[in-house]
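Report on the structure given below.
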Amino acid sequence: MMETILSYLENGAVRAVCMVVVGLLVLNLPSVLLKAKLSLMGCLYMVFCHDKSYKLRNTDPGVIFVPLLKEADKGEGKIEKKTVIFIRHGESTWNDTFNKGSHRSLGVFIAGYIPGLVKAVLYELYLLLAGKVDSWFYDAPMSTLGLTQTEALAAFLDSASKPNSTATDREKQLVAILNNDPGAPPSKTLSSPLRRAISTVAIGLRRRLERSPEDKIVIHPSLQEIARNPDTLAITPPHTPVTASWIEQDYKPIPDLQHLLHTHVDVSNHTGNKPLSTNGLKRMTAFNDYVFDSLDEQYVIVGGHSIWFRSFFRAFLPYNLDHASKTKKVVNCGAVAFTLMKTNHPKEGVVYMIDPNTIEVIYGGFQK
């Protein structure tokens with residue numbers, strides 16, 4: 001008799017839990033459908049994505065630009081130049097779950113991998129049932145560590161701009177451009193459509209944004225990360241204001257992030273997720289075209305991702321050049337500047353190259 005009663009109660013409890021779950025899913029149908037769409041897209045990208053399947057042009061850009069640079073020294077070359085500053089995003093929740101990172105040992109990472117994965121899945125389930133348009137895995141936002149890294153970047157930019165700073169004159173000039181200090185040359189700020197990149201730029205450059213209410217972070221689809229993982233899919237619908245993640249909203253040291261995102265992010269170019277027909281080289285070339293053909297500013301600040309940045313250095317530095325940027329990643333919240341050049345070659349058409357002599361680490365640098 002007692003076993004029958006316990007069995008009935010257990011079955012009743014299971015039915016009650018199932019009814020609650022179903023009720024929450026129905027109540028939060030829009031967010032459930034969005035997650036279902038992202039899950040389908042994630043599966044398609046895992047199977048059909050060709051982001052890394054591309055071949056660089058046969059002709060080394062160094063072969064084309066070396067003689068042109070010699071002519072330029074005589075005032076005869078036809079080379080356009082822009083200064084680009086890459087800023088990598090802070091650590092993401094995806095990194096926290098699946099990557100060891102530099103902040104913990106391999107043993108600590110292995111020991112905490114299963115508990116960390118369970119925590120991530122439970123968070124994802126909570127966000128789904130709570131009807132939040134958010135995710136631990138899709139468009140992975142910054143983790144708490146990532147947010148502290150962006151604060152460190154902001155603190156560096158503040159200290160490096162002070163008169164007693166030990167930075168070199170060139171570093172001070174680049175920091176002044178990042179901060180949009182009085183007298184600094186005009187610059188444009190771009191970002192990947194993924195939230196961790198947008199928030200990194202908004203927090204790291206908040207001094208710039210607070211000083212210039214009209215300044216915008218322009219979302220550009222060409223900057224979406226080069227990979228097939230779910231964390232590279234944007235959760236923000238096309239032309240829709242960016243919303244701070246639940247971690248960012250609860251992070252008390254930066255209470256005004258949502259305001260910064262709503263007032264300083266330009267989503268007019270945000271057309272949604274990268275199509276399956278694209279690849280990394282097409283998007284990197286589209287970025288170059290946009291920088292030279294659509295922007296008047298000589299200085300361009302870019303919030304983006306490690307694989308995209310590393311791929312860019314591999315594609316547009318001379319092929320035979322051995323440089324850390326080709327094999328190592330920009331550290332989380334690292335900032336690296338360089339000169340990007342463009343020429344119109346009679347046989348090769350439009351060609352781009354990074355001047356290797358101009359690569360300068362402003363903050364952070366490269367690591368494995």
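Taking amide H atoms as placed 1.01 Å from N in the peptide plane, the amide H of Ser92 lies under 5 Å from those of Ser143, each 5 or more residues away in sequence or on another chain. The modelled label-to-label distance between Lys282 and Asp256, using points 7 Å beyond Cα along the C-beta direction, is 4.1 nm. The order of the peptides 98-108, 338-348 by mean Cβ neighbours within 10 Å, most packed first, is 338-348, 98-108. Only Cα pairs within less than 10 Å get springs; with that Gaussian network setup on the chain, which residue of Ile114, Ile226, Ile307 has the largest fluctuation? Evaluated over the chain, the most mobile residue of the options is Ile114. For region 167-276, the set of GluC sites (Glu not before Pro) satisfying both a DSSP loop assignment and a count of at most 10 other C-beta atoms within 10 Å is given as Glu214. Residues whose amide H lies under 5 Å from that of Glu225, counting only those 5 or more places away or on a different chain, are absent; hydrogens are built 1.01 Å from N in the peptide plane.
Rounded to the nearest whole Hz, the Karplus-based 3J(HN,Hα) values (6.51 cos²θ - 1.76 cosθ + 1.60, θ = phi - 60°) of region 209-216 follow the sequence 5, 5, 6, 10, x, 7, 5, 10, with x at glycine and proline. Ordering Ser39, Leu178, Gly90 by the projection of their Cα atoms onto the charge dipole of the chain, which places +1 on the Cβ of Lys and Arg and -1 on the Cβ of Asp and Glu, puts Ser39 at the extreme positive end. Taking θ as phi - 60° and the Karplus parameters 6.51, -1.76 and 1.60, the scalar couplings of region 286-300 work out to 5, 4, 4, 4, 5, 4, 8, 9, 10, 10, 7, 5, 7, 10, 10 Hz in sequence order, x denoting glycine and proline.
Computed extension gain for Ala16 through His103, at 0.36 nm per residue and net of the alpha carbon distance, reaches 27.0 nm.
Taking amide H positions as modeled 1.01 Å from N, with prolines and chain starts lacking one, the residues under 5 Å from Gly272 and 5 or more places away or on another chain are His239.
Can you tell me what share of the DSSP beta bridges in the chain is antiparallel? A percent to the nearest 5 is fine. Within the chain, antiparallel bridges account for around 55 percent of the total. The angle between the Cα long axis of helix 144-160 and the longest principal axis of the Cα atoms of the chain comes to about 30 degrees, rounded to the nearest 10. So what's the net charge close to Cys43: Lys and Arg +1, Asp and Glu -1, counting the other residues with Cβ under 15 Å from its Cβ? Local charge sum for Cys43: +2. The accessible-area ordering, largest first, of the residues Tyr126, Tyr113, Tyr290 stands as Tyr126, Tyr113, Tyr290, per a 1.4 angstrom probe.
Karplus-derived 3J(HN,Hα) values for region 352-359, using 6.51 cos²θ - 1.76 cosθ + 1.60 with θ = phi - 60°, are 10, 8, 7, 6, x, 6, 9, 5 Hz; glycine and proline are entered as x.
If R0 equals 35 Å, the separation of the Cβ atoms of Phe48 and Thr166 corresponds to a calculated FRET efficiency of about 0.10.
The values are calculated or read from the model by the stated rules, or taken from the named source; none is laboratory data. Small disclaimer: the values here were computed from a predicted structure and weren't measured. As a convention, Cβ positions derive from the backbone with ideal geometry for all residues, glycine included, and neighbour counts pool all protein chains shown. Side chains are part of the model used for accessible areas, which takes the heavy atoms of the whole protein and leaves out ligands, DNA and RNA. Shrake-Rupley method; radii C 1.70, N 1.55, O 1.52, S 1.80 Å.
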